[in-house]
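All remarks here apply to the structure that follows.
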There are 2 protein chains.
Amino acid sequence: MRERPAVPMKSAVRRTTLAVDVVVLSPRAEALAVLLVRAPAGARERWTLPWDAPQADEGLEDAAARIAEAVLGEAPAFFEQVGAFSDAKRHPGDADVSIGIVALVPAGVEASSPDSGWFPLDGLPPLAPRHRAVVERAAAVARQRVDQSPLAFRLLPPTFTLTDLQSVYELLLGRRLHKASFRRALQASYLVEPTDEWRSEGRGRPAQLFRFAPRKRRGARRGVRFDLFTE
Amino acid sequence: MRERPAVPMKSAVRRTTLAVDVVVLSPRAEALAVLLVRAPAGARERWTLPWDAPQADEGLEDAAARIAEAVLGEAPAFFEQVGAFSDAKRHPGDADVSIGIVALVPAGVEASSPDSGWFPLDGLPPLAPRHRAVVERAAAVARQRVDQSPLAFRLLPPTFTLTDLQSVYELLLGRRLHKASFRRALQASYLVEPTDEWRSEGRGRPAQLFRFAPRKRRGARRGVRFDLFTE
């Protein structure tokens, strides 16, 4: 009756070529920026995302850590898959399938590779179409998640001013936030705690430094947030 | 200086084997259930997720639609990737990499394949370890997303009672909701509208049927929801 079984035999798995494409995001000069590396001579575009194939028995996140470390000098603390891409779009290595992985790096971390550069998301050089799609998805995922997880703290050094924190949220959300409302919501969340350090910003009073220190709240089981559906 | 370039040449892409594993979720008998199919003779487990390799030039979601349709008789309206799995866990087809895709199907839709069955999430038969991991991730993704997108409506027929809707939310969230609070939040969200139909439930007054009809709200740009971080 059925034309094609829903569960094939083992021989049905297709041999394909796979790449891990890493989108390293970081706040740079008041923009959310992507780390790109210079392409090998003869490539169609001059810049690409850091990418490679996973090695035998290497997990996808492990591969992403290795690939990012080759450019940054150290592996970012945070990785998240943003999707598998299997379409006709050209990949610089002609991989059939790309696993896109986003990594977040705090402001101030510099790349160790001289053949790399940070480019603002809205001012990227030409990229292979698959890489362009991976970058767009990565930025979209980071923006969607900013509300539901403490992603913003991954983009900051261990201690930061509340102005630094607000700036990172504004970069991720792509719009300005009202300062008093932001601080009120932050205070209610018990996500940060003050340190004993202060930083002089050159003018006005020095600003106190804070650290990420979420406190467990009792009875925090939320209901259904229908208000999030229709933005 | 660098030991391994961050951008390899084309020859570096690894040949690998790829499978699309589909987790079809649906409310069945007051549980969230997964659609499984009987494994071919000689397989180590008797049941598996519907899976197959993507065909040449077939997108991953297209492959998922084809695979689900082979069991259900029609393609589900909703698909979402839940992750790429590349680990040492055994896949029934020995695929190196699985792309896990979740599909949501309304209550009442029956599978057309006789070699299939719905199993409650907390009462699954033995599955290959990779498939077990894909199911767990799919359920987690559905539960995370229920607050941020109208997923619940994908699990309902086009018209439904508010009790039906609340039940689906309770299945997805894995806990009871307070009826009056649920209806108040729903009303404030302008997500559903009443129809002219009513359904008799056997006892008491008939219940009015509603449909999903989100109304655009002005000024719905939300701030930062820190309260979602620490559940």
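Quick look at the numbers
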| item | result |
| --- | --- |
| Residue match in region A:164-176 (condition: within 14 Å of the chain's Cα centre (by Cα), at pLDDT below 95 and in the same structural domain as A:Pro54 (by TED's automatic domain parsing)) | no |
| Which listed residue, of B:Pro157, B:Pro194, B:Pro214, is at pLDDT below 90 and either assigned by TED's automatic domain parsing to the domain that holds B:Ser86 or more than 30 Å from A:Arg183 (Cα to Cα) (or both) | B:Pro214 |
| Qualifying residues in region A:91-140 (those that are in contact with a Pro (Cβ under 6 Å, 6 or more places away or on another chain) and within 14 Å of another protein chain (Cβ to nearest Cβ)) - the one farthest from B:Leu60 (Cα to Cα) | A:Ala103 |
| Complete set of residues in region A:15-47 that are within 7 Å of chain B (Cβ to nearest Cβ) and within 19 Å of A:Phe79 (Cα to Cα) | A:Leu18, A:Ala19, A:Val37 |
| Counted residues, region A:85-110 - those being assigned to a loop (DSSP other than H, G, I, E, B), of a type in the set (Val, Ile, Thr) and crowded, with 24+ Cβ neighbours inside 10 Å | 1 |
| Single residue of region B:48-75 satisfying the filter (closer than 19 Å to B:Arg130 by Cα and not in a helix (DSSP H, G or I)) that is farthest from the other protein chains (Cβ to nearest Cβ) | B:Leu49 |
| Of residues in region B:18-69 being at positive phi and in contact (Cβ under 8 Å) with a residue 60 or more places away in the chain, the one surrounded by the fewest Cβ atoms within 10 Å (Cβ to Cβ) | B:Ala29 |
| Subset of region A:184-216 (residues that are under 25 Å from the mean Cα position of the chain (by Cα), assigned to a strand (DSSP E or B) and within 15 Å of A:Pro157 (Cβ to Cβ)) | A:Val192, A:Leu209, A:Phe210, A:Arg211, A:Phe212 |
| Those residues of region A:132-167 which are among the β-branched types (Val, Ile, Thr) and open to solvent by less than 50 Å² (accessible area, probe 1.4 Å), in sequence order | A:Val134, A:Val135, A:Val141, A:Val146, A:Thr159, A:Thr161 |
| Given (1) touching a His at 6+ places or on another chain (Cβ under 8 Å); (2) closer than 29 Å to B:Pro214 by Cβ, index of the condition B:Ser98 fails | (2) |
| Criterion (hydrophobic (A, V, I, L, M, F, W, C), under 21 Å from A:Arg154 (Cβ atoms), in contact with a Ser or Thr (Cβ under 8 Å, 6 or more places away or on another chain) and at pLDDT below 95) met by exactly one of A:Val141, A:Val109 | A:Val109 |
| Condition met for A:Ser113 (closer than 25 Å to A:Pro54 by Cβ, assigned to a strand (DSSP E or B), out of contact with any Leu (no Cβ under 7 Å at 6 or more places or on another chain) and assigned by TED's automatic domain parsing to the domain that holds A:Val34) | no |
| Scan of region A:153-190 for residues that are more than 20 Å from A:Arg143 (Cα to Cα) and of a type outside the set (Lys, Arg), ordered by number | A:Pro158, A:Thr159, A:Phe160, A:Thr161, A:Ala180, A:Gln187, A:Ala188, A:Tyr190 |
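So that you can scan it fast, the table gives a plain yes or no per residue for (1) under 23 Å from A:Pro27 (Cα atoms); (2) without any contact (Cβ under 8 Å) to a residue 12 or more places away in the chain; (3) open to solvent by 70 Å² or more (accessible area, probe 1.4 Å):
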position	(1), (2), (3)
A:Gly174	yes, no, no
A:Gln187	no, yes, yes
A:Asp196	no, yes, yes
A:Gly204	no, yes, yes
A:Phe210	yes, no, no
A:Arg215	no, no, yes
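The values are calculated or read from the model by the stated rules, or taken from the named source; none is laboratory data. Treat the numbers as computed from the prediction; the structure is a model and nothing was measured. Positions of Cβ are generated from backbone atoms using ideal geometry, with glycine treated the same way; all protein chains shown enter the neighbour counts. These area figures cover heavy atoms from the full protein model, side chains too; ligands, DNA and RNA do not enter into them. Shrake-Rupley method; radii C 1.70, N 1.55, O 1.52, S 1.80 Å.
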